[in-house]
Amino acid sequence: MRASTPRAPPYFVVGTDGSAGSAAAIDLAFKEAGLRGAALRVLYVWQPPLLGNAGEHPVPEEYQRLVAEAASGRGAAHPDVPVHHEAVPGHPVRVLTDASADALGLIVGTRGLGGFTGMVLGSVSQGVLYHARCPVITVPHAGDDERS
């Protein structure tokens, strides 16, 4: 049996949506990448509007700014971690799953709603757990344990 060859350089994928949960995921992603000498691919996935005036929705350049800001302060603490920011159109589960194909790991925050803390994940974190092609780390926001 032939072992698969990982792509160089190794990298982690982290999804962000600007929430506190995704901020915690980015923090952990920087730590993991730093420990493993890996790069970090930060993705903000946006869904194009199906109907309506395109002027009512932020333009892709605005999303690119948001993803860059999400990781900007954290990179200073980990100058050895190369970071690539991307704002990608599509469904978050599909885009993150596709991005996970050659990654060391996929890291996402949790945003599950309801009173069952620790049992309920957001739809994106739950979706990538089922479909990702690499190990997945879900990172709860510190306030998540205050909901029960």
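The values are calculated or read from the model by the stated rules, or taken from the named source; none is laboratory data. On a predicted model such as this, the values are computed, not experimentally measured, just so you know. Glycine gets a Cβ as well: all are built from the backbone with ideal geometry, and neighbour counts include every protein chain shown.
Here are a few things to note about the model shown:
- Selection status of V95, under 17 Å from G18 (Cβ atoms), in contact with a helix residue (DSSP H, G or I) (Cβ under 7 Å, 6 or more places away or on another chain) and at pLDDT 85 or above: no
- The set of residues in segment 71-115 that are farther than 19 Å from K31 by Cβ, without any contact (Cβ under 8 Å) to a residue 60 or more places away in the chain and not in a helix (DSSP H, G or I) comprises E86, A87, V88, P89, G90, H91, G112, L113, G114, G115.
- If you go through segment 13-47 and keep only what is of a type outside the set (G, A, S) and assigned to a loop (DSSP other than H, G, I, E, B), you end up with T16, D17, Q47.
- Every residue from segment 105-137 that is at pLDDT 90 or above and either surrounded by 19 or more Cβ atoms within 10 Å (Cβ to Cβ) or farther than 22 Å from G37 by Cα (or both): G105, L106, I107, V108, V136
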